[in-house]
Amino acid sequence: MTPFTYTALPTRVVFGMGTIHELPAELARLGCRRALVVSTPEQQTLAGRVASLLGPSCIGTFTGAAMHTPVEVTAAALQHVRAHSADSVVSAGGGSAIGLSKAIALRTGLPQVAVPATYAGSEATPILGETDGGRKTTQRTAEVLPEVVVYDVDLTLTLPAALTATSGLNAIAHAVEALYAEDTNPVASLLAEQAIAVMAPALRTIAGNPFDRAARSDALYGAWACGTCLGLVGMSLHHKLCHVLGGSFGLPHAPTHAVVLPYVVAYNAASAPDAMRRVARALGTQDAANGLFALRQALNAPASLREVGMQAADLDQAADLAVANPYWNPAPVTRDGMRALLEAAFHGRTLLQRTN
Ligand code: NAD
C-alpha cells in the first residue's frame, strides 16, 4: 500500500425514493425552524414544493440562483436571509442552487440541507466556485460543506434526457480524475471505480427509458459516489480545462464536461496506466478513453466544443489559459499539447493518444 492521507467528510446522507418527505424531520434534527429555500428560476415549482413540505419551518423561497454562483445573486439572497432571520438554507435543484446555498453558508455560518436534482455532485464537496465581475475563483473550505444531503430518486425522473446524459458524464469525470489524483486514497479509489461501474450502465438504460426508477436510483447513487470523490481528492487537467472553458468562454458546465472527458483521458492515458485499467474495467471495455467516447456517443451527448458554443478564434487563448496556473496532472501539460487537444475537441475529431 502506498502512503496516503484521508480526511472523512462529515455530511449526513439520506438516500432513497420519496425521501423529500423527510425534510421537516432533517431540519428539526439540526434544531432549525426558519429555513430559506433556494433554487434556480427553472426549479421554482420544486422550491415551492419543498417550502410547503416544510410549512411553518420555511421563511420563504429565493429562486434566483445562477450558474457559477455570481456574487451579486448571493448578495440578493443574503437580504432575504437577514430580512427574515433565516436559521438555515435548503437548496433544491442542481449545482447552481447548491452553490448559492454554500455561498450563503460561507458568509453566515448557517447550516445547509441540500436536495440535489442533477448528478453534478456539488452537495458532497467542501468546494465553492464563485464569479465576481466575470472572474471565477474556487475555494475549498469545510464551512461550505452541507450538513445534510437528502437524495430523492423521484426528483431525478424529470431530469431531461440531454441533461441526464451530460450531468452523468460530469459525475463520471470526478471519478475518473479521482483515480489518478496526486492525493488519491483507497476510499476515493474504491468509490470511484464502483461509481463508474454503476453510473455508466444506468445512464445507458435511462437514455432508452428516462422513467426507469431502478436505473435512476443507480445513477443518483453513482452521482453521490462521484461527488464524494470530488470532495475527497484534488482534480487534474479535465477539471482545469472545463473551469477555463466555462469560466472564461461561458460554455455550459455539464455539456463541456461531456465533450472534454474522453480527450483528457486519452491525453493522460500513458501517464496513469493503473487508473486507466480501473476506468476500463469499470466500463467493461479494453481502453478507458475509447470506452468513454463510446459511452458519450451512446448517450447522444454533445461531441464537439463547437456544438456547445466554443468559437474557433478562442482556441489559442483557451490553450494559453490551460497552461497558466495548471492543476497537478499525471501527464505534463504543454501549450502545444493543450492546443492540439482543444483543436480535436473543437471539431469532435478522433481521440489523440499521447505517448510518453
Ligand atoms: P444547474 O444547477 O445550473 O442545472 C441545470 C439546469 O437544470 C437548470 O436550469 C436547473 O433548474 C435544471 N434542473 C435541475 N434539476 C432538474 C430536474 N430534476 N429536472 C429538470 N430540470 C432540472 O447545473 P448543474 O450541472 O447541476 O450544476 C452546475 C453548477 O454547479 C456550476 O456552476 C458548477 O460550477 C457547479 N458545481 C460545483 C461543484 C462543487 O463541488 N462546488 C460540483 C459540481 C458542479
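We did not get these values from a lab; they are worked out from the coordinates using the rules stated. Since we're looking at a predicted model, the values are computed, not measured. Reconstructed Cβ throughout: ideal geometry from the backbone, glycine too, with neighbour counts over all protein chains shown.
Quick notes on this structure:
- Calculated from backbone phi, Karplus (6.51, -1.76, 1.60) coupling profile of the stretch 49-57 in Hz, x at Gly/Pro: 5, 5, 4, 6, 5, 7, x, x, 7
- Antiparallel DSSP beta bridges within the chain, as percent of all bridges there, nearest 5: 20
- When the chain is treated as a Gaussian network with alpha carbon springs shorter than 10 Å, the biggest mean-square fluctuation among S57, S236, S85 belongs to S85.
- Inverse mean reciprocal Cα-Cα distance (Kirkwood Rh) of the stretch 210-356, Å: 15.9
- Per-residue ³J(HN,Hα) for the stretch 159-175, Karplus 6.51 cos²θ - 1.76 cosθ + 1.60, θ = phi - 60°, Hz, x for Gly and Pro: 5, x, 3, 5, 6, 4, 5, 6, 5, x, 5, 4, 5, 4, 4, 4, 5
- GNM top mover of E182, E130, E72 - the chain, alpha-carbon springs below 10 Å: E72
- For the chain, the convex hull spanned by the alpha carbon atoms encloses 121 Å³ per residue.
- Taking the C-alpha atoms only, the angle from helix 273-283 to the longest principal axis of the chain is near 60 degrees.
- Sorted by Cβ neighbour density within 10 Å, fewest at the top, the residues H174, H239, H84: H84, H239, H174
- Helix-derived mean residue ellipticity, 222 nm - over the chain, DSSP H n ≥ 4, -39500 (n - 2.57), to 500: -16500 deg cm²/dmol
- Here the Kirkwood formula puts the hydrodynamic radius of the stretch 215-282 at 13.5 Å, using every distinct Cα pair.
- Only Lys, Arg, Asp and Glu carry charge here, each on its Cβ (+1 for the first two, -1 for the last two); on that basis the stretch 1-138 has a dipole of about 200 debye about its Cα centre.
- Quarter of the Cα convex hull surface for the stretch 134-214, i.e. its orientation-mean projected area (nm²): 7.6
- For the stretch 11-54, a simple Cβ point-charge model (Lys and Arg +1, Asp and Glu -1, everything else neutral) yields a dipole of about 200 debye relative to the Cα centre.
- Percent RCO, i.e. relative contact order, over the stretch 63-218, from Cα pairs under 8 Å lying at least 6 residues apart: 18
- For the options A223, A142, A331, a Gaussian network treatment of the chain with springs between C-alpha atoms closer than 10 Å singles out A142 as fluctuating the most.
- About the centre of its Cα atoms, the chain shows a dipole size close to 120 debye [charges on the beta carbon of Lys, Arg (+1) and Asp, Glu (-1) only; nearest 20 debye].
- As a proxy for reagent exposure, ranking V113, V144 by other Cβ atoms within 10 Å from fewest up yields V144, V113.
- Cβ-based exposure ranking for C32, C229, in which fewest neighbours within 10 Å come first: C32, C229
- The chain, relative contact order [Cα under 8 Å, separation at least 6], %: 15
- Dipole-positive endmost among A162, S122, P146 within the stretch 113-177 (Cβ charges, Cα centre): A162
- Sorting the segments 255-266, 15-26 by their mean number of nearby beta carbons within 10 angstrom, highest to lowest, gives 255-266, 15-26.
- Top positive-direction residue, dipole computed over the chain with Cβ charges, set G18, G99, Q44: G18
- Rg/Rh ratio calculated on Cα atoms of the stretch 187-236 (Kirkwood radius): 1.05
- Diffusion of the stretch 24-107 by Stokes-Einstein, at 10 °C in a medium of 1.306 mPa s and with Rh set to the Kirkwood radius over alpha-carbon pairs, works out to 129 µm²/s.
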